[in-house]
Amino acid sequence: MSLCISIFNTKGELYMAADSRESVDIKGITHVKNNNFEKIKCIHDKLIFGSGNSQLIKNIWYTFENQPDSSLEKLKKIAVEHNNYFTNFLGEKELKRNYLVDGKIMTCCLTIGVIDENGKPYIAYMDNMSDFKIQKHSPTMGLCQQLYVTGAKTKEARDFLMSMADNPNHELKDLFTKTYEYCADESIGGYLSIYCLYQNEIRRVLIEKIRDTKSLRYQENQYFYDLVNSHFVLAGHLEACTGTFVGKMEAGEVIGSKIKGGTLNINNNCIIDSNGYLTATGATITGKINATSGEISGDLDITGSLNGGYINGSTISTTQDINVGNNIYLNATTYDGKMIKFNPATFINYAGLIGMNVECDKDIKMYSGGSLNLQAYNNINFVSYNGGYVKLPYESYLGVVADSNQIIRKADLSNYLTSDDVYSKSYIDNNFASASHNHDSRYIRPYYTSNKCYIDYSESLNKLIIRNKNGDDVGQVDITAV
């Protein structure tokens, strides 16, 4: 309920005031719901105060505000329609329990400040108890201040105003502020708004907080009905064995051991359909994910370890190291064309009938801290496409150290070695030398340091010729005889 005080002063000005406290009945006891409900509102050319069910008053205001017709008759018609809907919906039992005032059901009363065609204000009043009959009250000329009180606690407010009116030192503002402080309780209080109507003008002249002088009961862990909008409002705990919601349910938090339903949609960001499929715009998971299968179409960033029996995919791309504990199999069923590639010109691959292939656009170095063994079932071939050679460092050799099987010891092959049949014969295009021998021009020189003699071959004679240091023939050997 609410309180409206209207005062005509001696100048013919009309002052109307109302509070802003909204209350709720809980088990027959009135509680403060909030202090910010606007109970008096300027609509069109009228100032309308409403008392009764707050939602019913709001609906009447809203409908009237959106009508081109601003007459009192139109306001009455709108009020009748909304009040009939409200009372029929609520039922007689609920009406008597929550809206019984002095033996009468009071759901809606309207006090309207109106300015007539001559610019003079008057008061119109209508309520559900009189079937919204329009009653008009104009100031009586020749009198001092005239008072009109409507809404709740009208007798207390009127008596207090009359006691103050006898004191000529009270200003008009004091009449309002002190009366509302005196009447303040769970249904009256909050903020005081005072309007002035005069000469075709409606203006608010004051808004200030009403001082509470009593202990008040506030709505806490309780409920109330908003039956105009079919709302049941509960501020505390609701406990029920079963329940069915056929419409939309909104909640800040839903907790339960089981949630059953067709679908679950959280702001279109997380959707679970009736088949159990989850569609979400993102997820942060701190625990373990167990799944029999899955598919990720975009990028997957993993800061920890990725463990799996098989990782299948067209490409695995990383800028970090890959440590493999066991083997790497490049498509165990199809080998042809698979490769390990370092850059477009450097790779290792298995090329079907050709076999294993290692290609590089730079040098290839192989180092072994022990032995380096090259083994083949057939030949070991050294091929150079640009006329190169097989080169060994000066201190290196082919064969076994200090063994009769070694081929060269601490020497070099000055060009290249060609062989048609390594099992039957070998050809050395240039000279052969050891550490104590040297070669100059297709001969074998036994004593390099003394330069005393050397062995030459004469193709025309088919003989080996022994020459001294001056090149003189000092002896011949018939090769046929040998």
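None of the figures in this text is laboratory data; all of them are computed from the coordinates on show. Bear in mind that the values here come from a model prediction, so they are computed numbers and not experimental data. Here Cβ is always computed from backbone atoms with ideal geometry, including for glycine, and neighbour counts include all displayed protein chains.
Summary of computed values
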read-out: For region 52-132: relative contact order, % (alpha-carbon pairs under 8 angstrom, 6 or more apart); value: 28
read-out: Residue order, fewest to most surrounding Cβ atoms within 10 angstrom, among Lys77, Lys39, Lys46; value: Lys77, Lys46, Lys39
read-out: Ranking of Leu175, Leu464, Leu14, Leu374 by count of other Cβ atoms within 10 Å, fewest first; value: Leu374, Leu464, Leu175, Leu14
read-out: Greater than 32 Å apart at Cα, pairs in Lys120/Lys155; Lys27/Lys260; Lys93/Lys209; Lys93/Lys178; Lys104/Lys178; Lys96/Lys258; value: Lys27/Lys260; Lys93/Lys209; Lys93/Lys178; Lys96/Lys258
read-out: Sorted by Cβ density within 10 Å, fewest first, the residues Ser384, Ser187, Ser293; value: Ser293, Ser384, Ser187
